[in-house]
Structure formats: C-alpha cells, structure tokens
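Q: Take this structure, written in structure tokens, and hold onto it; I'll ask about it next.
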Amino acid sequence: MSAMCWGDVARIQALKRTLSTGTNAATAGCGMQTKPSDTCSRGRTSCSSSHDEMWDDDDVSTIGSTYSSRSDDGSTPGTSPSSGYKKEVLEPLQLALKAPWTDKKHELKNRAKKPLPVPSLAAYRIEQQKRYVQLLQSAATLGPRRVLPIVAPLELVPPSENELWNTNCLMKCVNAIAPMPTIDQLAAKHLVIHELQRTVDLWLRHTLDVIHGASADSATKSTTTATLLIGGSWHLKVGVAESDLDVVALLPHEVTADLFFSSLCDHLGREASVSKLVARRKAAVPVLSFELSTVRVDLLLARYAQQQAVPKHLLCLPGDDVQVMRGMDTASVRSLSVARVASLILELVPNASTFKSCLRVIRLWARRRGLYSNKAGFLGGISWALLVCFVCQMFPRASVAALVHRFFSVLVSWQWPTPILVAQPSTGVDANSVEWDPLHNLHDRAHLMPIITPGFPAVNTAVNVNLSTLRVLRDEFARGQRILDDLSRCRFSHPAPWNQLFTPTEVLVRYDHHVAIELRASNEESLAEWSSFVASRTRKLVETLQHTPSVGSLHPLPEIIRPQDPEPSANGEVVGYYFIGYTVDSPPMPGVRRGNCRLTRERQRMPSTSGNEEWARNCIASATRYFLATELNAATEKKCGMEVAISYSSWNDLPNAIFPGGRPAAIGDRARYILSQAHQMNVAQGFAR
C-alpha cells in the first residue's frame with residue numbers, strides 16, 4: 001500500500017552519507033539519480049515503504065552543521081557537482097538554512113540562539129483556559145447539548161506519576177470500606193426494577209380501566225405501561241449494595257396524587273415482596289418508600305400533563321426534555337428533576353470516569369462523617385454530586401486523589417452564600433415558583449448554602465441547611481483539608497493513611513451534652529415509618545435551639561441509633577434514638593449585667609463538670625417541650641403504638657447499648673478525640689507541629 005512520507009529510506013541514508021563526507025566521490029558512489037517524479041508538492045515523495053525512519057529536527061541541524069563548504073577538488077558550492085544536487089534535494093524537503101555555505105563549518109553550531117519568551121504562569125493558565133473553552137465550543141457543535149458548563153478551568157496540568165499512585169492507594173482504601181456491588185447484587189437490582197415495572201403496570205391498567213369504565217371482558221381494556229426513570233446514585237453508577245433505588249414513575253395525567261398515594265400504596269401493601277412501606281405526602285418531593293425483595297426503593301410520581309402518549313424515555317435533544325414538563329404541577333416537576341439532573345451532570349463533567357470515582361470517595365466520606373442527609377439539614381446525594389461536578393470542571397485533567405484534595409480546599413475557602421453553579425442558567429416553558437430566583441424571591445435570598453441544579457428548573461438542592469449544620473460542614477471541610485495536607489507531605493506512601501479521612505463521626509463522644517430523642521413502636525415497620533417522620537422534623541428543633549441565647553453549637557446525628565443488644569420487651573416494641581450534641585455558654589455571673597459582662601459577650605464555653613449539667617438542661621427545656629407538643633404529639637402521622645420522648649442526657653448518662661464497642665471503647669475514643677483537639681490547638685498556636 002503506497003503512502004505519502006518525507007522520502008525514501010535508501011535515498012535519505014545515502015543523502016546523509018553524502019552530506020557528512022562532503023566529497024564528490026561519495027556523491028558519485030551513491031548511485032542515485034534525481035528524477036522529477038521522485039518529488040511532489042510540499043517536499044513529500046510517494047513511496048511504498050513504511051514510516052519507520054523519518055527525518056526529524058536533529059537530522060536537519062546535523063546536515064547544516066557538518067556539511068563542508070568546499071569539495072575535495074577545491075570547487076565552491078556554487079560550482080561543485082554536489083552543490084546542484086544539494087539544492088535540488090534540500091529545497092523539496094524544505095530545509096531552509098539561513099547562513100551561507102562558507103568555510104566556517106561550525107558557525108551555525110556555535111551561534112548562540114535567542115531565548116524564547118517564557119510567559120508567566122498566569123498568562124499560561126489563561127491561554128490554557130481559552131483553548132479548553134474553544135475545545136468545549138467545538139465539541140458542542142459536533143452534537144446537541146442540553147446545557148453548557150459555566151466554570152472555567154483553573155488548571156489543565158496532567159496528573160503526575162505520584163498523583164496516579166496516590167489515586168491507586170485511595171481507591172484501594174475505598175474498595176476495602178465500601179466495595180463495588182457484585183454481579184449478584186447488580187442482578188438483584190435489575191430484577192427489582194423489572195418486578196417494580198410489572199407491579200406498577202398492573203396497577204396502572206386496572207386504574208385506567210376503572211377511570212374509563214372499561215369492563216373486564218371489554219376489548220377496550222387499557223394496555224398503557226408506566227415509564228420508570230432511574231435517578232440518583234444508580235443513574236450516576238456510583239451506588240453501593242446498600243444504596244437506595246430512586247425511581248420516578250412518569251404516568252398519564254389521569255393518575256392523580258391521591259390515587260398514587262392511596263390506591264398504589266394499597267396495591268403495594270398486598271404484595272408479599274414489599275415491606276416497610278411508608279408514604280410521605282407532605283415532603284418537599286412526595287415519595288413512596290418501601291423495600292422490594294430487600295432492596296430499598298424510593299418511588300416518586302411525575303404526572304404527564306399533555307394529552308398524547310407518555311414518552312418511554314427522557315428526550316436528550318435541547319429543548320425537548322423541557323417540553324416534557326409543559327403543564328406539570330410543581331411536585332411533578334421536582335420529581336422528574338431527580339432523573340433529569342443526574343443525566344445533565346454526566347453531560348457537564350469533563351471526564352465521567354474520574355467524576356464517578358471522586359464521587360464515590362466523597363459519598364463514602366460524607367456518610368462516615370454523618371453529613372449525608374438532606375432531611376437533617378445537611379446535604380443529599382444530588383448536592384454532593386453537584387459539588388464534585390463543580391470541582392471536576394475547575395480541574396478537568398486532575399487525578400482522583402488530587403480532585404479530593406482540591407474538593408476540600410475549594411469548599412473551605414468558598415464564600416457562602418455565593419451559589420455553586422455548574423451550567424449556564426436556562427429558562428423553561430413557563431415561570432413558576434419552582435425556579436430559584438433570589439432577586440425576586442425573599443425566601444430564596446435567605447438560603448445559606450445555594451447549590452443550584454443545571455437545566456430547568458434551577459432549584460437549590462441544599463435548602464434545608466441551617467446555621468448549625470453549615471458550621472458543621474465547614475468544620476468537616478477544614479478537617480478533610482488538614483488531613484490531606486498532612487498526607488501530601490507524607491507522599492501517601494500506603495493505602496492505610498487514607499483511613500483517617502473516613503473515620504466515623506465523633507458526635508457521641510465529642511459533646512458533653514446531648515438532646516436524646518427516644519422512639520418506640522410496636523414493630524420494625526412502624527418504627528421505620530415513625531423514625532422517617534421524626535427525622536424530617538428534627539431539623540426544626542435544631543433551628544429553634546440555635547436561636548436560644550445560651551446554646552452554643554449544635555451537631556445533629558442524622559442516622560437513627562439502634563441499641564446493640566436490646567433487652568427483650570414484654571409487648572415486643574422496638575426502640576431507636578436520635579441524638580443532637582450541643583455546647584452551652586457560661587451562665588450569667590451574679591450581680592453583673594449581661595450587657596457589661598465580657599465573658600458573656602465572648603460566649604465562653606463551660607468546662608464539662610457535673611455542676612453545669614443543670615444549666616445545660618434548663619437551656620433546652622422550653623424549646624424541647626414546645627417542639628414535642630406542636631410537631632410530634634399533634635402530628636397525624638403518629639399512629640397507635642408510636643411513642644416519642646425528648647430528654648437531656650449528659651455524656652455519662654448516655655445508654656451503654658448505643659456505643660458499637662460498649663462504654664469502655666467509647667471512653668477510649670473520647671480520650672483520643674480530646675487529645676487530638678489539644679494537639680491541633682497547640683499546632684495552631686505554634687507550640688507543636
């Protein structure tokens with residue numbers, strides 16, 4: 001097969017020998033005759049040889065420096081037989097040598113080269129950013145894109161060998177703590193999706209037949225099927241075996257929310273494979289939560305408001321996916337966004353594989369540190385995904401380990417409430433209250449930690465964050481940055497040091513004072529339903545306590561704590577706990593007005609002595625009584641057999657059964673935490689390193 005190359009191999013080797021010797025005899029000994037057909041335009045020759053040997057820049061400089069200006073017979077370059085041959089061959093090869101062929105054969109070699117202008121680091125980064133933006137724009141012209149990224153990259157340096165080694169160590173640590181789902185577990189998820197599709201289709205056809213009045217033997221029986229859209233972690237392909245399955249049911253407009261949460265709920269309750277069924281209609285995004293064949297499922301409703309048939313999948317063309325939401329109610333738009341936002345995020349990340357690995361790390365860290373809960377006032381799965389997407393856009397070529405380090409560095413210094421945006425703002429089919437608009441909506445303007453979804457509608461996924469949980473998040477970001485700074489100095493020599501990043505939260509051993517919420521129910525299903533409702537209301541208790549004058553910091557624990565070895569109950573009831581750790585300010589000094597007391601103004605924290613327990617108990621008594629009476633005891637979700645009690649508990653009075661290793665292990669953990677805090681204080685003051 002003929003190919004265009006820079007020259008024939010034999011001719012090039014012969015030409016090198018000719019120019020290196022500089023003799024006419026060598027030129028004649030080559031036996032090469034120059035033909036016009038040997039050359040082509042732009043100095044290329046047509047040949048059938050491979051590209052194994054080609055001239056490079058070093059060959060060009062060698063030719064110019066070693067060629068002798070005079071031949072053996074004393075002729076000049078202009079009259080020698082070889083000079084014409086040189087001119088005929090070198091010009092097609094575009095070897096332009098500026099210096100004349102003189103007797104000074106080392107003149108070109110020894111001539112000092114002008115140094116190239118070296119741009120500054122800032123100018124280099126700006127140039128790289130411009131090239132990256134041009135690359136994105138050119139990629140957008142190759143195919144339709146629903147959204148365009150808004151973040152300009154800060155660094156485009158490829159990862160070093162050390163960073164790749166760090167990534168390998170990090171992923172080994174993550175896989176040891178939270179391994180990827182096995183083939184059997186993935187197969188079980190797929191079977192659950194098929195079973196859910198079959199169950200919802202049967203219910204939908206029966207419901208539509210009842211609505212349209214079709215008889216059992218009628219030929220007009222409905223054959224409509226539901227469209228189930230997967231969202232959340234399983235759409236992003238970062239789910240683990242314990243992750244919930246977020247499913248959005250896109251149903252015809254005849255199916256109302258009342259039918260969905262009453263008729264479908266009853267239909268699911270009759271299925272033998274369904275357990276722990278809970279209907280949360282009053283949530284911001286109404287959802288049916290249940291376990292189907294031991295897999296946790298969150299089923300959401302999205303009513304298709306148009307008359308034509310329900311689409312079988314989300315349209316990916318620009319504008320078409322927004323047209324699907326035309327006429328939808330607010331709850332349906334929010335539900336459909338669960339699946340839409342996940343797909344939009346995958347369009348916005350520069351490297352999907354790196355994004356997924358980094359998101360796995362951050363999700364594991366957030367769960368272990370007690371930060372993975374939207375109901376408790378922290379961040380949910382979609383918020384963490386948007387934050388990771390934001391950092392990936394800033395550093396599109398960084399490794400996973402470097403991205404995790406920069407994740408904490410960026411969020412520690414982020415000036416909230418400046419919003420996090422990953423895409424250009426877009427407009428939808430109509431303006432409604434779903435769209436996040438701080439310029440015209442006072443409620444949106446009060447958000448403390450805006451993390452905005454891409455596409456339409458743009459909503460804040462961190463709307464539940466309050467002052468107390470924002471402080472906890474900032475502290476955890478600073479802790480993560482501090483750990484990775486220390487590990488970077490040690491060069492991450494082994495996977496084991498990464499374990500300290502994923503140390504479980506120390507809420508139960510960190511605080512001297514706790515608000516204990518004890519839940520009781522007749523069975524496990526009732527406790528799951530009752531605890532889900534109480535967890536969604538605990539955030540209001542935190543917001544009330546943070547405005548109490550004598551309460552300092554608050555740290556809610558989002559996960560329910562079950563006793564390790566519960567004592568068997570006579571009536572078979574089960575118990576669970578929620579805890580809120582907190583600190584209190586010093587009590588007002590007797591005889592001194594509060595406004596003139598320096599200790600009161602500086603809000604000095606009290607030492608953990610038994611004499612302060614009564615003061616800490618009185619600080620929360622009024623707020624807890626009001627919360628218990630208005631939010632829990634008067635709730636319609638409270639059924640027979642469900643009980644709740646809120647009390648103050650010092651660390652010494654916490655139940656021994658809530659500690660995984662018992663009270664002795666908790667004492668050791670508490671001592672280690674106190675010593676670590678003292679060491680950090682000494683380091684900050686320059687007394688240690």
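Nothing in this text is a laboratory measurement; each read-out follows from the coordinates by a stated rule. Keep in mind it's a predicted model, so treat the numbers as computed, not measured. Glycine gets a Cβ as well: all are built from the backbone with ideal geometry, and neighbour counts include every protein chain shown.
Q: Among the listed pairs Lys375/Lys638; Lys356/Lys639; Lys312/Lys356; Lys189/Lys375, give every one whose C-alpha distance is greater than 30 Å.
A: Numbers: Lys375/Lys638 18 Å; Lys356/Lys639 42 Å; Lys312/Lys356 26 Å; Lys189/Lys375 25 Å.
In this structure, Lys356/Lys639 exceed 30 Å between Cα atoms.
Q: Please give the Cα centre distance for region 456-492 versus region 509-582, rounded to the nearest Å.
A: Using only Cα atoms, the two centres lie 24 Å from each other.
Q: Please work out the C-alpha center-to-center distance from region 243-299 to region 371-396 and express it in whole Å.
A: 26
Q: Okay, next question. Could you point to the residue in Trp234, Gly327, Phe290 farthest towards the positive end of region 178-348's charge dipole, with +1 and -1 charges on the Cβ of Lys/Arg and Asp/Glu respectively?
A: So the residue furthest toward the plus end is Gly327.
Q: Put +1 on the Cβ of each Lys and Arg and -1 on the Cβ of each Asp and Glu in region 349-503; which of His447, Ser426, Ala385 then has its Cα farthest toward the positive end of the dipole?
A: Ala385
Q: Mind giving me the FRET efficiency for Asp437 and Gln323? R0 is 25 Å, r the Cβ-Cβ distance, nearest 0.05 is fine.
A: That gives a FRET efficiency of 0.70.
Q: Quick one: if the Förster radius is 25 Å, what FRET efficiency do Gln564 and Thr630 give, using the C-beta to C-beta distance and rounding to 0.05?
A: The calculated FRET efficiency here is 0.15.
Q: Mind checking region 430-534 for trypsin sites (Lys or Arg not before Pro) that DSSP puts in a loop (not H, G, I, E or B) and that have at most 15 other Cβ atoms within 10 Å?
A: Values: sites: Arg445, Arg471, Arg474, Arg479, Arg482, Arg489, Arg491, Arg510, Arg520; in loops: Arg491.
Here the sparse-neighbourhood loop sites are Arg491.
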